[in-house]
Every structure is written in structure tokens, then in C-alpha cells.
Amino acid sequence: MTAPRLEIDIGKVHHNACVLVDRLAARGIAACGVTKATLGSPDVARAWLDAGVTGLGDARIENIESLRRAGVAAPMMLVRSPMLSQVDRVVTAADMSLNTELAVIRGLAAAAAATGRTHRIVLMVELGDLREGIMPGDLAEVVRAVLAMPGVALAGIGTNLACQSGVSPDAANMGELSVLVAEIEARFGLVLDVVSGGNSANLDWALGPDSPGRINHLRLGEALLLGREPLHRRPVAGLHTDAFTVTGEVIESKRKPSVARGTIAQTAFGAVPVADGRDGRDGRDGRDDSGDGGDHGDRHRTIVALGRQDVDPAGLLAPTGMAVIGASSDHLVLDAGARRLAVGAEVTFEVDYSALVRAMTSPFVAKVVTGTYDDRGAPAAVAG
């Protein structure tokens, strides 16, 4: 097969969704599968829908449009506040969107009314992470305005935590969301369909001992794709962490000194290397086998045809006994440890969310779907 390539084991993707859909359903919470890290992959979307996700979400209207063109039939949510310049496209392709600005909602309402549609709105509330969200004290005023607009319908209220400031979902902030929902329903005589508590960072809370309260919806990406919760990047029990891998081809393999020689300045991407040539930002562990980053004599150095235009090097997990030393636009440098890899050999890496996003969006990385699944079935072995 060609390299570099991103391999997607669709059986493992499906398995992860089956497990989380079932666990959350037992708590009264529906899972929306967020496809943005996969560039709106129809294969991933269909695997998730077969596993029981209740809808799909994406931050880019282009990905939702692509899913529609591919014939994927599901309720679809734009999970980033719509751009005012794209309201016509949003109401055409997406059934629902997350919103914080009345100016945008008015635009959506006008676009929807002009085409005989009704676009569903989820109002996002700021609960501490300081990314998107209406301040709680302003929520009632915004609800009143939305209810008066033809062309839109208030579907629910939601929030987002962890992504900007790392604020963890917990009993306090999730309880605050439930209280806000109850107050809005009582004040306006409503029953809201969607109370969207957040993203994959909510899993520890959602599957823990606390009552979910009014939260009945989560927007999941990383946990479904990579089998990890984003707060500490710990594997979720029973999920595959290696459903996505990146493979590159060796283009040089030589024994070289472990310390660069000459006057040291900045690297191609502006970092200042430490003693052994590492820039302090490359490689998930930042260490070679000897552990201290000093002069360890000659080492087997391998260059893989894979770079920052293809992947985030800091998000690669090298095979056991190997370590990522650094990367430029199109070269990934490895300490191969005791092994001397042949030119033309391939090296396969597990990826974190950042590496997955960049590999999926790079035109230089081939995307290859592997594996199979039966309806609600799972691969034979669980990795990670």
C-alpha cells in the first residue's frame, strides 16, 4: 500500500460506538457522533449510525454537506456556532446548530423561513470554560427572543467544557446546567428535547455515580474514535485505542551521533533544540531509550517520509523501543534504538487526537479503511 497512509479499522470504530452508546443509554443519555476529526468520513458516520448513535455532528458545514452528498441519512448538527455568512448553507444541510449570538439566529431564522424550513436551535451556556456560551444571567432574554422568531425552533440548551480552559465536567457544573434548564422550562412553559452536557470529556461524570439530572445528550468524538477520555487521555475500559494508525516509509537509516555539532540556532519551526537535537515539542514521551537526552554516542537514526504537513509529530506514539526525535515539514526523525530499519520499510504509529486531525486533513496522507463488523458485532480482540 501507499505511504504515508492513515488506516481506519472500521470494526474497531463500530465497536467503540456500540459500547459507549449502550453505557450511556443506561443512564438516559443519547450519543451524537462528531465526525469533524475524520473530515466528515461517511464510513465512520455509517459505522456509528449502525452502532446506535442518534445523530451526527460536525463543526464544518462543508463536512455536513459532504455527508449529505454521500447519502448518509441521519439528523445532523453543526456543533460550532454558525458563521453569519453561511446561514443559508446551514439551514439547507444541518437540522440543528449550536448558537450563542442573536444576530446569527436571526440570520438562520430568515434563511429558514425563506425556504419553508424550520431550523432547530440549541443555545449554548457559559459554565466556566470560557469558550462559547451565553452568560447564565442572559439566557432567559435570549430564549424569549428565539421563541418569537419564525423559521427557528428552540430544541434545547447545552454547554461545552474542557476544550478551552480544561474545566472538568462535574456534579457542580452539570447540576447548574440542569437547574438552568428547569428554570427556563418553568418560566416559558416548555419541555426541551435536548440538554447537551458536552463532549467526550463528560464521560467520567456521565458514567459515574452522580445523577445525570436533565442532561440527555453528549457530543462525542475522541472517545468514539480513539477510545480515550480527553481530560487525562486515559483509555476507556473496553474500547480500542488503536482504531486509527499512521504509517510512513523509511527513506534513510544510518548510525549517527546523538548530539548535533555546530552553533545551535532555531529549527525550521522556531524551536531551540536541547542537547541531543530534540526541540522539546516532538514525540509523545520526549525521551530516548537512555532517558536523559544527553550524549549517548552513535545511535540508529531513521528518517520516515512523514512531516508536519502530514501529521502532528507530538501526537505520534512510536513502536516500542523507538522514539520520535523531531520533525520538519516532510521528515520525521526517529531514534530506532537497537534496530536498524531498512530503507523502504514501514513504521506504524498510534495517534492522538491532534495527530489524527492533521493526518485526516492532509492531502498527502492516503486514507485506507480496513476491518469489518456485523450488525452490533465487534472485532475479536480489544486493544489498549
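The values are calculated or read from the model by the stated rules, or taken from the named source; none is laboratory data. Predicted model only: the values in this text are computed from it and were never measured. So basically every Cβ, Gly included, is an ideal-geometry build from the backbone, and we count neighbours across all protein chains shown.
Of all the listed residues (Ala30, Ala51, Ala37), the sole one being within 29 Å of Pro212 (Cβ to Cβ) and surrounded by fewer than 24 Cβ atoms within 10 Å (Cβ to Cβ) is Ala30. Elements of the type helices (runs of 4 or more DSSP H) sitting completely within the stretch 49-135 and holding at least 1 residues that are under 30 Å from His15 (Cβ atoms): these cover 61-69, 87-93. Residues of the stretch 181-203 that are touching a strand residue (DSSP E or B) at 6+ places or on another chain (Cβ under 6 Å) and among the aliphatic types (A, V, I, L, M): Val181, Leu192, Val194, Val195, Leu203. Once the stretch 240-271 is narrowed to residues that are of a type in the set (A, V, I, L, M) and outside any strand (DSSP E or B), the residue that is farthest from Gly297 (Cα to Cα) is Ala243. Comparison of Ala94, Ala59, Ala103, Ala51 shows that the only residue that is more than 30 Å from Ala145 (Cβ to Cβ) and in contact with a helix residue (DSSP H, G or I) (Cβ under 7 Å, 6 or more places away or on another chain) is Ala51.
Considering Val351, Val382, the condition of being modelled with pLDDT of 95 or more and not acidic (Asp, Glu) is satisfied by Val351 alone.
Residues are listed down the side, and each one gets a yes or a no for (1) modelled with pLDDT of 95 or more; (2) assigned by TED's automatic domain parsing to the domain that holds Asn16; (3) among the β-branched types (Val, Ile, Thr):
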{"position": "Ile251", "(1), (2), (3)": "yes, no, yes"}
{"position": "Arg261", "(1), (2), (3)": "no, no, no"}
{"position": "Ile264", "(1), (2), (3)": "no, no, yes"}
{"position": "Ala271", "(1), (2), (3)": "no, no, no"}
{"position": "Arg281", "(1), (2), (3)": "no, no, no"}
{"position": "Asp288", "(1), (2), (3)": "no, no, no"}
{"position": "Asp295", "(1), (2), (3)": "no, no, no"}
{"position": "Gly315", "(1), (2), (3)": "yes, no, no"}
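When Ser200 is tested against (1) more than 24 Å from Cys18 (Cα to Cα); (2) within 14 Å of the chain's Cα centre (by Cα); (3) polar (S, T, N, Q), just one condition goes unmet, and that condition is (1).
Surrounded by 20 or more Cβ atoms within 10 Å (Cβ to Cβ), of a type outside the set (Phe, Trp, Tyr) and assigned to a strand (DSSP E or B): is that true of Val142 in this structure? Taking the combined requirement at face value, the residue does not satisfy it. Suppose the filter is touching a Gly at 6+ places or on another chain (Cβ under 9 Å), surrounded by 18 or more Cβ atoms within 10 Å (Cβ to Cβ) and closer than 27 Å to Asn16 by Cα; does Val167 pass it? Criteria met by Val167. Scanning the stretch 1-43 for residues that are assigned to a helix (DSSP H, G or I), touching a residue at least 60 places away in the same chain (Cβ under 8 Å) and in contact with a strand residue (DSSP E or B) (Cβ under 7 Å, 6 or more places away or on another chain) returns Ile10, Ala17, Leu20, Leu24, Lys36, Asp43.
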